[in-house]
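There's a structure below that I have some questions on.
The values are calculated or read from the model by the stated rules, or taken from the named source; none is laboratory data. Computed from a predicted model, the values in this text were never measured in an experiment. Heads up, the Cβs are rebuilt from the backbone with ideal geometry, glycines too, and the neighbour counts pull from every protein chain shown. Only protein heavy atoms, including side chains, enter the accessible area calculation; ligands, DNA and RNA are left aside. Shrake-Rupley method; radii C 1.70, N 1.55, O 1.52, S 1.80 Å.
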Amino acid sequence: MKVLIEHSTRYEYDNPVYLSPHYLRLVPKKSPHVHLKRHELSISPTPSGTSERLDFENNLCIQVWMDQQPASHFSINSLSEVELNSFNPFEFIIDPAIPFVDEKFLYPGDMDSFLSNYTHTSFTGFFLPIITNQKLLTLNEPLQTVTNLIGFIASNFSYERKEKDIEYDAEKIFSANSGSCKELSIMLIEMLRTVGLAARFVSGYAYSSILGEGHELHAWVEVFFPGAGWIGIDPSSGLFTDEHYIPLACSFNPDFTTPVTGSFGGKATSVLKTKVCIQEI
């Protein structure tokens, strides 16, 4: 299956501004089941220069800089043609096993130190009693524990579409019993880290009838299993991710996956308009 993804982002300013360098994470990541056939980027005002680089978590980041001319807008149009191959998300083996020690799964050897940014959490005291009382934790069975957690969130929390004012406090998200895809992913990450599992945030696109409209620009989670690598899971649907999920960027910190980041100089307020359209071709 091939899909065409059109992603437009436009900032409008009520007074002329000077644009600082911006960083774009808009190129779909290649994987065994996602093949990027074509990517085109158009930017206005026309940049003075661009540079493609990999960031510290191996995400493709395009740096864009402008000349020092005042601008009333900044628009980015990204066009991606992607081939999606059928993919079985359960076709993996965890090797070596992750033992359960002192109420947490423990990664072997140096792997545990390397993954420390993906396992650190401040919410252990809040989530551990909930996970235990709901019988979501299966000792020595990390895969079953993950399945329990995403099923619990999908069954007990309602999806709320949001484009701004995202809540980053996992405890508040839990208390609200609802959240955007980004908020539910933030909460799931903290629940996974509470039991010692490494988790990271993923931003990207979703093209699935299960999710319905409004999920084209989507967020989900990846959990790390030795031998299997990073495995995608979606708290919004309660499913492991398949070829219908197209990642743009992954990070231990959601802020490092934002499709467009940057700033401007001058006294002005901005209005953001964004639209994503995905169609099969």
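With axes computed from alpha carbons, what is the tilt in degrees of helix 181-194 against the longest principal axis of the chain, rounded to the nearest 10 within 0 to 90?
Roughly 40 degrees between the two axes.
Taking the simple approach of a point 7 Å from Cα along Cα-to-Cβ for both Lys135 and Ile94, what is their distance in nm?
My value for the distance between the label points is 2.0 nm.
Determine the relative contact order of segment 118-199: mean sequence separation of Cα pairs under 8 Å and six or more apart, normalised by residue count, in whole percent.
With pairs under 8 Å counted, the relative contact order is 43 percent.
Normalising by the residue count of the chain, find the relative contact order in percent from Cα pairs under 8 Å and 6+ residues apart.
It comes to 29 percent, rounded to a whole number.
Pop out the carbon and sulfur fraction of the accessible area of the chain as a percent, whole number, probe 1.4 Å.
49
Could you work out how far apart the two model spin labels at Leu272 and Leu79 are, taking each label as a point 7 Å from the Cα in the direction of the beta carbon, and quote it in nm?
Here the modelled spin labels are 2.5 nm apart.
Kirkwood Rh over Cα pairs of the chain into Stokes-Einstein at 37 °C, 0.692 mPa s: D in µm²/s?
Translational diffusion coefficient: 164 µm²/s.
Name the long-range amide H neighbours of Thr138: under 5 Å, sequence gap of 5 or more, or other chain; modelled H, no Pro or chain starts.
Thr145
Check the straight Cα-Cα distances from Lys162 and name the lysines below 22 Å, setting aside those fewer than 8 residues away within the same chain.
Result set, ordered by chain and number: Lys172, Lys182, Lys273, Lys275.
How much mean residue ellipticity at 222 nm does the chain get from its helices, if each DSSP H run of length 4 or more adds -39500 (n - 2.57) and you divide by all residues, to the nearest 500 deg cm²/dmol?
Result for the chain, helices only: -5500 deg cm²/dmol.
Moving on. Please list, in chain and number order, the residues 5+ apart from Glu243 or on another chain whose amide H is under 5 Å from its amide H, with Hs placed from the backbone.
Those qualifying (amide H under 5 Å, at least 5 residues apart or on another chain) are Phe87.
Also: If you fit an axis through the alpha-carbon atoms of helix 124-133 and take the longest principal axis of the Cα set of the chain, what angle between them do you get, 0 to 90°, nearest 10?
50
Remind me, relative contact order of segment 22-132 in percent, using alpha carbon pairs under 8 angstrom and six or more residues apart?
The value is 26 percent.
I've got another one for you. Rounded to the nearest 20 Debye, what is the dipole magnitude of segment 17-72 about its Cα centre when Lys and Arg each give +1 and Asp and Glu each give -1 at the C-beta?
Rounded to the nearest 20 debye, it is 300 debye.
Okay, next question. Given a 1.4 Å probe, how much area per residue of segment 1-119 is accessible, in Å²?
Per residue, segment 1-119 has 57 Å² of solvent-accessible surface.
Another question, if that's okay. Expressed in nm to one decimal, what extension gain is obtained for the pair Leu54 and Lys30 from 0.36 nm per residue of sequence separation less their Cα-Cα distance?
7.3 nm
In whole Å, how far is the Cα centre of segment 139-162 from that of segment 85-102?
17
I've got another one for you. For segment 95-166, just say rounded, prolate or oblate: build the C-alpha gyration tensor, square-root its eigenvalues into a ≥ b ≥ c, call rounded for a/c under 1.5, and beyond that prolate if a/b exceeds b/c, oblate if not.
It is prolate, given that a/c is not under 1.5 and a/b is the larger ratio.
Moving on to the next point. Over segment 118-270, one equal point on each Cα, no solvent: what is log10 I(q)/I(0) by the Debye formula at q = 0.14, 0.21 Å⁻¹?
With no solvent term, the Cα-only Debye profile gives -0.65, -1.45.
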